[in-house]
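Reviewing the structure listed below.
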Amino acid sequence: MNDRQSLILTEVRRLVGLPLSDTGRAGNMRIFDFGEESAETGYAQFTLHVQCAWRIERHGQIWTGSADHYVAPDGDCERRWDPDTRSDNLQDVRLREFIEGPPGGGRTGEPPRVEHVEADTFGDITLYFVDGFVLMTFVSGVCGEVWRMFEPGSGKQHFVSYASHATYEA
């Protein structure tokens, strides 16, 4: 294990035991919120901004991933989703089902909780959830920000993983 991998593991281990409580997007950047919303700040405990390729899988099947941002919400792979419509895309629909359970049944109780995390030497992270879902990031280039994790509303530094290194930033 190299220093970068060790540093990343130290940070993402803070997600272990926390529920994935919400998700959103800004453009094609996916936002994942972990932990309960604070009454004081109105934010979840941690936020993960993912700007690289990613996917969620379960039992060897892809549940959704970064490319589904461009697919119509009904899953018709021949029809592109138009971001100007301000409607959901397939990624939004599948992530809502992941957190809340499918319409008409499925998950009961709390949202999925992080059970275990891993990191590799490239800066990819893998989050294992208690119900068999796995969230993986994939660094796919040599430059730029890949993902960042921070405590929203806290004023604390962000932990930022770039394609070539990881660091703390204000």
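Measure nothing fancy, just the Cα-based angle from helix 90-100's long axis to the longest principal axis of the chain, in degrees from 0 to 90, nearest 10.
80 degrees
Take residue 154, project a point 7 Å from its Cα along the Cβ direction, then tell me which residues of the range 3-20 have their backbone nitrogen under 19 Å from it.
6-20
How far is it, in nm, from the label point at residue 36 to the one at residue 115 when both lie 7 Å from their Cα along the line to the Cβ?
Result: 2.3 nm between the two label points.
How do 138, 46 rank when sorted from fewest to most other Cβ atoms within 10 Å of their own Cβ?
138, 46
Rounded to whole Å, give me the distance from the Cα center of the range 147-167 to that of the range 4-60.
Going from one Cα centre to the other spans 11 Å.
log10 I(q)/I(0), Debye, Cα-only the range 3-169, no solvent, q = 0.08, 0.14, 0.16 Å⁻¹?
Once normalised to I(0) and log-transformed, intensities are -0.23, -0.74, -0.97.
What's the magnitude of the charge dipole for the chain around its Cα centre, counting Lys and Arg as +1 and Asp and Glu as -1 at the beta-carbon? Answer in Debye, nearest 20.
Working: 16 positive and 27 negative charges, 46 e Å.
So the magnitude is around 220 debye.
Give me the angle, in degrees from 0 to 90, between the Cα long axis of helix 3-12 and the longest principal axis of the Cα atoms of the chain, rounded to the nearest 10.
Roughly 50 degrees, rounded to the nearest 10.
What is the extension gain from residue 2 to residue 164, computed as 0.36 nm multiplied by their sequence separation minus the C-alpha to C-alpha distance, in nm to one decimal? Can you show the working numbers first?
Working: separation 162, 0.36 × 162 = 58.32 nm, distance 1.28 nm.
Taking 0.36 nm per residue and subtracting the Cα distance, the gain is 57.0 nm.
Where a number appears in this text, it was derived from the coordinates with a stated rule and is not lab data. Given the structure is predicted, the values throughout are model-derived calculations rather than measurements. Backbone-built Cβ (ideal geometry, glycine too); neighbour counts: all protein chains shown.
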